[in-house]
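Quick notes on the structure that follows.
The values are calculated or read from the model by the stated rules, or taken from the named source; none is laboratory data. Predicted model only: the values in this text are computed from it and were never measured. Cβ placement follows ideal geometry from the backbone for every residue including glycine, while neighbour counts extend to all protein chains displayed.
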Amino acid sequence: MNATRPFVVFTGTMFSGKTDLLCQTLRRLSTYSHQRVVVFKPTTDRRSSNGHIQTADGVQMPAHEIKPNRPEKILRMVYQMKADGNNPDVLGFDEIQFFFPALFAAVTAELYREGYQIYAAGLDLDFRGEPFETASLLLAHATYIHKLESYCARCGQPARLPQRLIEGSPASYTADRILIGGTEAYEARCTACHVVPDRPSVVTVSIAPHHTRKKKHKRDKKKRPF
């Protein structure tokens, strides 16, 4: 990949300003660098109005909505824009964690190889504290990574984990991984304040040290009489 062309990922916990930074960057590229910008988002993102991405302050940008399991449609749309003489320079993606990981990563990698600048934003960890595969795959391709933090809703320390709440209490590890919501369902927390009930313990396999293993002894052969 061409390291001089940006493939940028804004990632981190909820309420850390990922979409804000994405929108700011795309607007600057459009306004000051006069580059054609096209934005995409998954249809599962219902916190903003249809056909837009939206920052926490209510700032919106137009966006094409794509079904999470059909990211290949992004390729067809971009190539059609090129054929129509409206070829974009910059492609923006928000809420990337909702897209099917391997296919979306392949789509963005191909678009990058074709010469497009890529700017993507999304969660890196789910409410359990486990990686979202889509973000992990894109981070491997990124030329620039912006790892963002929020502040813990409990203690005020830097926070990097999303805490899911159900009626004010931490959600169980067994709850559905995906639940669309805002401040009514999530808050940012630090590692010390992050709580996940019913989290399975780490399974460790104990292997006895070599010197403690019982040695197998060969049966003594009967001594033959002289």
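For residues that are more than 34 Å from the chain's Cα centre (by Cα) and either in a loop (DSSP other than H, G, I, E, B) or at pLDDT 55 or above (or both), tally how many sit in region 202-221.
If we filter region 202-221 for residues that are more than 34 Å from the chain's Cα centre (by Cα), which is where we start, we get 207-221.
Applying the additional criterion that residues be either in a loop (DSSP other than H, G, I, E, B) or at pLDDT 55 or above (or both) yields 207-209, 213-221.
Total meeting the criteria: 12.
Among the residues of region 141-177, those that are surrounded by fewer than 12 Cβ atoms within 10 Å (Cβ to Cβ) and either under 30 Å from R113 (Cβ atoms) or of a type in the set (A, V, I, L, M) (or both) comprise Y144, I166. Residues that are of a type outside the set (S, T, Y) and within 20 Å of G182 (Cα to Cα) number at least 3 in the following helices (runs of 4 or more DSSP H) confined to region 2-120: 18-31.
Rundown of residues vs (1) of a type outside the set (S, T, Y); (2) farther than 17 Å from L123 by Cα; (3) without any contact (Cβ under 8 Å) to a residue 40 or more places away in the chain; (4) in contact with a Gly (Cβ under 9 Å, 6 or more places away or on another chain), yes/no style:
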residue: S33; (1), (2), (3), (4): no, yes, yes, no
residue: V38; (1), (2), (3), (4): yes, yes, no, yes
residue: D45; (1), (2), (3), (4): yes, no, no, no
residue: N50; (1), (2), (3), (4): yes, yes, yes, no
residue: A63; (1), (2), (3), (4): yes, yes, yes, yes
residue: D84; (1), (2), (3), (4): yes, yes, yes, no
residue: F93; (1), (2), (3), (4): yes, no, no, yes
residue: F99; (1), (2), (3), (4): yes, no, no, yes
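Among the residues that make up region 19-38, is at least one of them aromatic (F, W, Y) and surrounded by 13 or more Cβ atoms within 10 Å (Cβ to Cβ)? Looking for residues that are aromatic (F, W, Y) and surrounded by 13 or more Cβ atoms within 10 Å (Cβ to Cβ), one finds none in region 19-38, hence no. Residues in region 180-196 that are of a type in the set (A, V, I, L, M, F, W, C) and either surrounded by fewer than 19 Cβ atoms within 10 Å (Cβ to Cβ) or part of a loop (DSSP other than H, G, I, E, B) (or both): I180, A185, C190, A192, C193, V195, V196. Scanning region 151-172 for residues that are in contact with an Asp or Glu (Cβ under 9 Å, 6 or more places away or on another chain) and not in a loop (DSSP other than H, G, I, E, B) yields P158, A159, P162, Q163, R164, L165. From the list R224, R199, the one residue that fits, being within 23 Å of the chain's Cα centre (by Cα), assigned to a loop (DSSP other than H, G, I, E, B), of a type in the set (K, R) and modelled with pLDDT under 95, is R199.
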